[in-house]
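One structure is given below, encoded as structure tokens.
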Amino acid sequence: MTAIDKAALESAQALDVKRVRADFPILDLEVNGKPLVFLDNAASSQMPQPVIDRIVRYQSAEHANIHRAVHYLSETATAEYEAARRKVQRFINAREEREVIYTSGTTDGINLVAHGYGRKFFGEGDEIILTTLEHHSNIVPWQMVAQEKGVKIRVVPINDRGELDLEAYRGLFTARTKFVGTTHVSNALGTINPVKDMIAFAHERGVPVLVDGAQAVPHLHVDVQDLDCDFYAFSGHKLCGPTGIGILYGKAPLLEKMQPFKGGGDMILSVTFEKTTYNTIPHKFEAGTPPIMPAIGLGAAVDYLSGVGMDRIAAHETDLLDYATQSVNRMGGVRIIGTAERKAAVLSFAVEGVHPHDVGTLLNEEGVAIRTGHHCAQPVMQRFKVPATCRASFAFYNTMEEVDALVAAIGKVQKVFG
Ligand SMILES: Cc1ncc(COP(=O)(O)O)c(C=O)c1O
């Protein structure tokens with residue numbers, strides 16, 4: 001099995017997928033006269049009715065700008081916005097709510113750290129470590145800072161299965177290493193990285209670590225205190241929540257030392273033309289009117305996922321991935337790219353002799369939604385010497401029958417091009 005945590009999986013009660021699906025109105029759609037089979041969850045997952053209802057209630061009866069007035073609506077919106085922060089805090093087990101910063105998404109959170117931490121603490125000749133598996137969001141912000149500060153980026157290689165070479169990782173550390181950025185789960189291949197061990201190794205050398213959790217939080221039970229990461233970034237829209245909201249978790253002492261990345265309202269205590277004094281964390285990093293409705297929607301999403309149970313979600317998705325992997329392997333003429341021992345929810349593949357874009361287009365005719373392209377992870381594509389892959393990515397509301405539909409649709413593609 002493509003193991004996540006066998007013991008947890010075995011102890012988890014089976015997920016009632018039929019019941020869960022009833023919460024997602026969009027899954028009843030037909031596309032091209034076929035039932036929608038939505039397998040593009042790594043890009044953005046769908047929203048259940050309780051989250052939609054929560055957003056409607058907020059917009060219908062609670063909306064006003066927050067932190068700025070004493071009237072009923074503003075106080076209600078402020079209380080709900082801050083309550084959602086505490087829900088997220090519990091969901092990822094952050095020590096304190098002030099360690100949970102609202103961002104617009106994973107990309108925004110990583111930029112905040114690259115600019116807020118990197119610009120202040122990196123100097124000429126310093127080094128940072130990233131991995132081949134990174135999404136562009138965990139490469140480009142570091143490159144921008146590295147170019148400005150004269151910092152060298154060193155990259156952890158991967159093997160043919162798409163797993164990090166940990167020996168090489170350990171060998172990349174030098175006296176100049178100032179930071180590590182690593183993805184928890186690869187969006188292009190599904191590889192689950194051993195981030196806890198990587199963090200422990202970095203900490204022995206006094207090096208802080210940022211984890212890109214965009215693809216982990218929707219699929220695994222994430223405990224930031226257990227991981228002991230210094231920063232952890234993720235997005236609401238991959239977590240059954242709205243777009244425009246994300247979370248950056250950071251350890252309070254580090255956040256307190258950092259420069260704010262954006263200036264403006266709410267992040268200040270006082271302003272004169274000579275000097276600005278910044279607000280305390282987390283507000284120091286939340287300039288301007290924040291995404292109030294998306295934050296409250298995210299709070300509802302983590303409530304919903306906690307209700308379903310992250311262990312149950314992980315167990316069902318592991319079953320889906322195992323079944324899909326076996327079914328595709330039996331087909332012939334389809335190569336799975338990314339065969340790591342520990343994987344989550346992603347099946348990247350190439351159909352022999354057919355461009356991924358054509359595969360995606362023909363699958364869409366069968367109602368099957370997958371993603372084709374480089375998945376914003378061009379270094380991974382370069383490593384496997386492919387311009388693009390086809391990527392089916394699963395969520396807990398997907399079924400074995402939908403895996404069958406995917407396999408049947410790939411079979412049709414092979415016939416068309418055969
Ligand atoms: C691993 C990973 N990191 C970062 C991102 C960027 O997320 P967002 O576009 O929500 O900022 C994604 C999105 O696909 C991702 O999969």
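The values are calculated or read from the model by the stated rules, or taken from the named source; none is laboratory data. Predicted model, so just to flag it, every value in this text is computed and none were measured. Cβ: placed from backbone, ideal geometry, glycine included. Neighbour counts: every protein chain shown. The protein model used for the area step is the full one, side chains on, heavy atoms only, and it has no ligands, DNA or RNA in it. Shrake-Rupley method; radii C 1.70, N 1.55, O 1.52, S 1.80 Å.
Whether any residue in segment 166-179 is within 16 Å of the ligand (Cβ to nearest atom), modelled with pLDDT of 95 or more and either open to solvent by 10 Å² or more (accessible area, probe 1.4 Å) or assigned to a strand (DSSP E or B) (or both) is what I want to check. Before you say what the answer is, go through the steps one by one.
Filtering segment 166-179 for residues within 16 Å of the ligand (Cβ to nearest atom) gives none.
Checked against the condition, which is being within 16 Å of the ligand (Cβ to nearest atom), modelled with pLDDT of 95 or more and either open to solvent by 10 Å² or more (accessible area, probe 1.4 Å) or assigned to a strand (DSSP E or B) (or both), segment 166-179 yields no hits at all.
What strands (runs of 3 or more DSSP E) completely inside segment 47-158 contain at least 2 residues that are in contact with a strand residue (DSSP E or B) (Cβ under 6 Å, 6 or more places away or on another chain) and open to solvent by 20 Å² or more (accessible area, probe 1.4 Å)? I'd like the intermediate steps shown before the answer.
Values: elements: 100-103, 127-131, 152-156.
Passing ranges, in order: 152-156.
Please enumerate the residues belonging to segment 121-159 that are closer than 20 Å to N187 by Cβ and either without any contact (Cβ under 8 Å) to a residue 24 or more places away in the chain or touching a His at 6+ places or on another chain (Cβ under 6 Å) (or both). Outline the logic, then answer.
Looking only at segment 121-159, we keep the residues that are closer than 20 Å to N187 by Cβ, and these are 129-143, 153, 155-159.
Selection gives V140, Q143, N159.
Table: residues versus (1) in contact with a Lys or Arg (Cβ under 9 Å, 6 or more places away or on another chain); (2) among the hydroxyl-bearing types (S, T, Y); (3) within 15 Å of F231 (Cα to Cα).
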{"position": "E96", "(1), (2), (3)": "no, no, yes"}
{"position": "Y102", "(1), (2), (3)": "yes, yes, yes"}
{"position": "V113", "(1), (2), (3)": "no, no, yes"}
{"position": "N138", "(1), (2), (3)": "no, no, yes"}
{"position": "W142", "(1), (2), (3)": "no, no, yes"}
{"position": "E148", "(1), (2), (3)": "yes, no, no"}
{"position": "P157", "(1), (2), (3)": "yes, no, no"}
{"position": "K178", "(1), (2), (3)": "no, no, yes"}
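Only residues that are within 19 Å of I336 (Cβ to Cβ) and open to solvent by 30 Å² or more (accessible area, probe 1.4 Å): list them for segment 390-406, please. I'd like the intermediate steps shown before the answer.
Of the residues in segment 390-406, the ones within 19 Å of I336 (Cβ to Cβ) are 390-394, 398, 400, 402-406.
Answer for segment 390-406, where residues must be within 19 Å of I336 (Cβ to Cβ) and open to solvent by 30 Å² or more (accessible area, probe 1.4 Å): M400, D404, A405.
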